[in-house]
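Written below as structure tokens is the structure these notes are about.
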Amino acid sequence: MIAFQRILDELARLSGILAMILLASATVVVTQMVIWRYFLGASTVWQTEYVIFSTTAAMMLGAPYVLALKGHVGVDILVQAVGGGTQRVFALISGLASLGFVGALAWSGIGFLYEATMKGWTTDTIWALPLWIPFWPIPFAFALMSLQLIAQMIVAIFPGRSAQEGGL
């Protein structure tokens, strides 16, 4: 379990780095777009689409990293008020609910990615970007989050044997 958790943590870290690069590149492209349009009077072809797709991908790819850091917003006032056994039950319930949600997103993302790839879908713009490019972060990010949630539920069920303590 320790090796599995380390692989997940490394994938989440790499996903976070990619999200950061995409967000930084979108910022550069927006700056370039402003200069092109307002100072040079030139039109932009691919820039708006790139910014939309890269910021959306950055949000999705950043989510597994935030989950690995336990940085997602959670309301835990009730969980903190109850004992250890009930906390594990709450962790399992919330983990299963979250897994159902992100698992459904991963599954539908796989379907969209498959169709976009097999049917040669492209955007309806002059750029005609193949849609598998902006679709791949959906199944990747949500599949990674699903695996992370499974690992977190295992640790919640067996609290004395967490990966950080070296027990699993």
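The values are calculated or read from the model by the stated rules, or taken from the named source; none is laboratory data. Keep in mind that this is a model prediction, so the values were computed, not measured. Here the Cβ is made from the backbone with ideal geometry for all residues, glycine too, and neighbour counts use every protein chain on show. Please note that ligands, DNA and RNA were not included when accessible areas were found on the heavy atoms of the full protein model with its side chains. Shrake-Rupley method; radii C 1.70, N 1.55, O 1.52, S 1.80 Å.
How many residues does the range 107-132 hold that are under 20 Å from THR48 (Cβ atoms), open to solvent by 60 Å² or more (accessible area, probe 1.4 Å) and among the hydroxyl-bearing types (Ser, Thr, Tyr)?
Number of matching residues: 2.
Regarding GLN47, is this residue open to solvent by less than 90 Å² (accessible area, probe 1.4 Å) and more than 29 Å from MET145 (Cα to Cα)?
yes
Can you confirm whether the range 133-144 contains a residue that is at pLDDT below 95 and open to solvent by 40 Å² or more (accessible area, probe 1.4 Å)?
no
I'm trying to understand the selection: among the residues of the range 19-48, which are closer than 20 Å to THR123 by Cα, within 20 Å of the chain's Cα centre (by Cα) and in contact (Cβ under 8 Å) with a residue 40 or more places away in the chain?
Passing the criteria: none in range.
Restrict the check to the range 75-88 and report whether at least one residue is among the β-branched types (Val, Ile, Thr) and in contact (Cβ under 8 Å) with a residue 24 or more places away in the chain.
Looking for residues that are among the β-branched types (Val, Ile, Thr) and in contact (Cβ under 8 Å) with a residue 24 or more places away in the chain, one finds none in the range 75-88, hence no.
Can you tell me which of (1) under 21 Å from GLU10 (Cα atoms); (2) open to solvent by 50 Å² or more (accessible area, probe 1.4 Å); (3) of a type outside the set (Lys, Arg) is the one ALA68 doesn't meet?
Single failed check for ALA68: (2).
Cβ contacts < 6 Å: first residue of a type in the set (Val, Ile, Thr), restricted to the range 115-144; second residue outside any helix (DSSP H, G or I), any location; separation 6+ or different chain. Result?
Qualifying pairs under 6 Å: THR122/ALA128; THR122/PRO130; THR123/LEU129; ILE126/VAL45.
Which helices (runs of 4 or more DSSP H) does the range 38-156 wholly contain that include 1 or more residues that are of a type in the set (Phe, Trp, Tyr)?
Counting at least 1 such residues, we get 47-68, 84-118, 132-135.
Condition check: more than 27 Å from ILE21 (Cβ to Cβ), open to solvent by 40 Å² or more (accessible area, probe 1.4 Å), modelled with pLDDT of 95 or more and not in a loop (DSSP other than H, G, I, E, B). Does GLY160 satisfy that?
No: the conditions fail for GLY160.
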